[in-house]
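So the structure is just underneath, and the comments pick up after that.
The values are calculated or read from the model by the stated rules, or taken from the named source; none is laboratory data. Computed from a predicted model, the values in this text were never measured in an experiment. Cβ: placed from backbone, ideal geometry, glycine included. Neighbour counts: every protein chain shown. What goes into the accessible areas is simple: the full protein's heavy atoms, side chains included, and nothing from ligands, DNA or RNA. Shrake-Rupley method; radii C 1.70, N 1.55, O 1.52, S 1.80 Å.
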Amino acid sequence: MAINNPPDSNPNPNPSSGSTPPVAKPPKPHARLEKWIWILIYGGLFVFILGIATARTDATLGWTIATPGGIVALVGFALIYVRSRLPNK
């Protein structure tokens, strides 16, 4: 049997039951930066390792791939430091 409640009805009509309504979490102010930090670190390390694996057969091509990957990973690690210096709002 379905219970039909009007849209404005309170599902918990007893306010003294001790339960509180769920509170929405505030948005994280630096969520976009944190997302990019991990994308840069993991993506850079993946490309770096791919370059090292390629260097076993073609050294020039391998290091041409690995160098930008290492730089991107270092940028990600540097952004961790930058994020630690930003104020929490």
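Couple of notes before you dig in:
- Under 13 Å, Cβ to Cβ, from LYS35 - net charge with Lys/Arg +1 and Asp/Glu -1: +2
- Protein-only accessible surface order, largest first, of ARG83, ARG56, ARG32 at 1.4 Å: ARG56, ARG32, ARG83
- The alpha carbon gyration tensor of the stretch 13-86 gives principal lengths a ≥ b ≥ c with a/c of 1.5 or higher and a/b greater than b/c, which makes the shape prolate.
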